[in-house]
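Student: Would you mind keeping the following structure in view while I ask a few things?
The values are calculated or read from the model by the stated rules, or taken from the named source; none is laboratory data. The structure displayed is predicted, hence computed values, not measured ones. We place every Cβ from the backbone using ideal geometry, glycine too, and count neighbours over all the protein chains shown. For the accessible areas, the whole protein counts, side chains as well, though only heavy atoms, and no ligand, DNA or RNA atoms are used. Shrake-Rupley method; radii C 1.70, N 1.55, O 1.52, S 1.80 Å.
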Amino acid sequence: PQIEAPYQIDIDNVSFQYSSDTEQILQHLNLQIKPGEKLAILGRSGTGKSTLASLIRGDLQPTEGQITINGELTDKFGDQIANYIGVVHQSPYLFNTTVLNNIRLGNEDATEEDVWSVLKRVGLEEKIRQLPDGLNTKIGEAGLIFSGGERHRLSLARILLKDVPIVILDEPTVGLDPLTEQRVIDTFMNELAGKTLIWITHHLQGIDAMNRVIFLENGKITMSGTPQEL
Ligand code: ATP
Ligand code: MG
């Protein structure tokens, strides 16, 4: 389906289990995410936050219930979902190719200038400029090694280049020191202004900037409110 802004996500009575002989991860979950909303999802390790992200992205299908964007089922989008939703995964995957190819993934007609522009916005321009082969430096085994935080920022650069309206950040700051974490959060908030943002986290740093916070526990939403209320 072709859908147009504004984008509204509806999670309607969604249950999920990975297989019929394992426990239910989500149970009759209902959640509406408004266009441009900044939503934080909190919850303990293993409660199903990343699973929910995969469901919203259409990478997994609900066992029961449905998820729609502007009334269209997410599983109807196929590859086109990438035009609407971008995810910075908990452990971002980089391909064994150049920096340029990694950032341009899914957006092959972007120019090198465009790529430099997003690298600058995520604070990686200088690092890449200093490499002997610049954008053409290879990532991986014999090539360039990125730290966890740098991987997250590279992954964010990919999403900024693609300019999708809905962004899911799955613990993008895990393992960062508090100062770097705050800097990365500030960058994200500036860069994603106006977009729908779903921010998965298991602690409270940075949630002041969000419109709504929900707690996920035992497959259900157990608390929901503004950061001020919580
Ligand atoms: P964390 O905060 O540690 O990232 P999470 O809230 O993101 O945790 P999920 O990764 O969604 O949790 O996992 C929820 C549950 O589903 C866990 O018990 C996990 O073991 C299980 N699980 C996750 N992925 C799979 C999979 N591919 N197959 C089977 N079970 C899975
Ligand atoms: Mg997770």
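Student: Any residue at all in region 71-86 that's within 16 Å of ligand 2 (Cβ to nearest atom), among the hydrophobic types (A, V, I, L, M, F, W, C) and surrounded by 21 or more Cβ atoms within 10 Å (Cβ to Cβ)?
Tutor: Among the residues of region 71-86, not one is within 16 Å of ligand 2 (Cβ to nearest atom), among the hydrophobic types (A, V, I, L, M, F, W, C) and surrounded by 21 or more Cβ atoms within 10 Å (Cβ to Cβ), which makes the answer no.
Student: Looking at (1) surrounded by fewer than 17 Cβ atoms within 10 Å (Cβ to Cβ); (2) more than 19 Å from Thr63 (Cα to Cα); (3) of a type in the set (Asp, Glu), which is the one condition that is false for Glu37?
Tutor: If we test Glu37 against (1) surrounded by fewer than 17 Cβ atoms within 10 Å (Cβ to Cβ); (2) more than 19 Å from Thr63 (Cα to Cα); (3) of a type in the set (Asp, Glu), just (1) comes out false.
Student: Are there any pairs, at least 6 apart or on different chains, whose C-beta atoms fall under 8 Å, with the first in region 214-226 and within 16 Å of ligand 2 (Cβ to nearest atom) and the second open to solvent by 40 Å² or more (accessible area, probe 1.4 Å) and of a type in the set (S, T, N, Q), and if so, which?
Tutor: Listed by first residue and then by second, the contacts come to Ile214/Ser224; Phe215/Thr222; Phe215/Ser224; Leu216/Thr222; Asn218/Gln27; Gly219/Gln24; Gly219/Gln27.
Student: Anything in region 194-222 that is open to solvent by 10 Å² or more (accessible area, probe 1.4 Å), part of a loop (DSSP other than H, G, I, E, B) and closer than 25 Å to Glu23 by Cα? List them, or say none.
Tutor: Listed by number, the residues that qualify are His202, Asn218.
Student: Can you tell me which of Thr63, Thr47 is of a type in the set (S, T, N, Q) and touching a Ser or Thr at 6+ places or on another chain (Cβ under 8 Å)?
Tutor: Thr63 is the lone residue from the list that is of a type in the set (S, T, N, Q) and touching a Ser or Thr at 6+ places or on another chain (Cβ under 8 Å).
Student: Working only within region 38-56, note down all residues that are among the aliphatic types (A, V, I, L, M) and either assigned to a helix (DSSP H, G or I) or within 9 Å of ligand 1 (Cβ to nearest atom) (or both).
Tutor: Matches in region 38-56: Ile41, Leu52, Ala53, Leu55, Ile56.
Student: Check whether at least one residue in region 29-47 is in contact with a strand residue (DSSP E or B) (Cβ under 8 Å, 6 or more places away or on another chain) and over 30 Å from Gln228 (Cα atoms), and report yes or no.
Tutor: No - not one qualifying residue is present in region 29-47.
Student: If you don't mind, there's one more thing I want to ask. So, Ser19, is that one within 16 Å of ligand 1 (Cβ to nearest atom), part of a loop (DSSP other than H, G, I, E, B), hydroxyl-bearing (Ser, Thr, Tyr) and open to solvent by 70 Å² or more (accessible area, probe 1.4 Å) or not?
Tutor: Considered against the rule, which asks whether it is within 16 Å of ligand 1 (Cβ to nearest atom), part of a loop (DSSP other than H, G, I, E, B), hydroxyl-bearing (Ser, Thr, Tyr) and open to solvent by 70 Å² or more (accessible area, probe 1.4 Å), Ser19 comes out as no.
Student: Please count how many residues of region 40-70 are more than 16 Å from ligand 2 (Cβ to nearest atom), open to solvent by less than 60 Å² (accessible area, probe 1.4 Å) and without any contact (Cβ under 8 Å) to a residue 60 or more places away in the chain.
Tutor: Number of matching residues: 5.
Student: Just for region 43-80: of the residues that are closer than 22 Å to Leu169 by Cβ and among the β-branched types (Val, Ile, Thr), which one is nearest to the chain's Cα centre (by Cα)?
Tutor: Ile56
Student: Looking at region 1-16 only, could you name the residues that are open to solvent by 50 Å² or more (accessible area, probe 1.4 Å) and at pLDDT 95 or above? Before the answer, list the steps.
Tutor: Keep residues of region 1-16 that are open to solvent by 50 Å² or more (accessible area, probe 1.4 Å), which gives 1-2, 4-6, 12-13.
Scanning region 1-16 gives Glu4, Ala5, Pro6, Asp12, Asn13.
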